[in-house]
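Some notes on the structure that comes next.
Only the coordinates and a few stated rules stand behind these numbers; no lab work does. This is a predicted model, so every value here is computed, not measured. Virtual Cβ from ideal backbone geometry, glycine too; neighbours counted across all protein chains shown.
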Amino acid sequence: MRYMKTKVWGILLVAVVLLTLSVVYLLRSRNAEKGAAVPSDAPTYFVYKADRKVLVVQDRPGYLKSTAYLPGGRTPPRHPFVSARSLDPLEEDALREILLKSADFSEFVVLLTENGYKVEPAPSAAL
């Protein structure tokens with residue numbers, strides 16, 4: 001009988017821990033989504049390498065979203081002047097290097113162009 005009580009309490013403890021972790025994960029996800037809201041006036045651009053669309057970028061502080069999966073419920077890194085979503089894993093390293101050399105959004109666009117990328121405003125319907 002004592003073994004049964006211990007087993008029940010153990011199962012109950014595991015259930016409480018799992019429930020707590022689920023709530024924490026849910027709250028973190030909701031907070032990340034709130035921070036990712038796009039202002040309606042933020043210009044959006046598509047970046048192309050040859051004919052491939054490799055990046056969607058906005059002229060506003062935000063997240064840098066990779067094509068890679070982030071483990072453990074982590075959120076993408078924040079950036080002070082760019083919000084971007086990579087579309088091509090083969091270009092991510094080059095795009096990151098260009099972004100690191102940039103002091104602001106205008107310089108980022110200039111460096112992209114100098115490195116063989118084409119930057120075009122996104123049609124409003126594409127957003």
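Can you give the Kirkwood hydrodynamic radius for segment 38-126, in Å, rounded to one decimal and based on Cα pairs? If you can, show how the numbers build up before the last one.
On the way: mean 1/r = 0.0751 Å⁻¹.
With all distinct Cα pairs of segment 38-126 included, I get 13.3 Å.
Looking only at segment 38-126, where both bridge partners belong to it, what percent of the DSSP beta bridges are antiparallel (to the nearest 5)?
About 90 percent, rounded to the nearest 5.
Starting at the first residue of segment 47-58, write each ³J(HN,Hα) from the Karplus equation 6.51 cos²θ - 1.76 cosθ + 1.60 with θ = phi - 60°, in whole Hz, x for Gly and Pro.
10, 10, 10, 6, 9, 8, 7, 10, 7, 10, 9, 10
For a footprinting-style exposure proxy, rank E92, E107, E114 by other Cβ within 10 Å, fewest first.
Ascending Cβ contact count within 10 Å gives the list E114, E107, E92.
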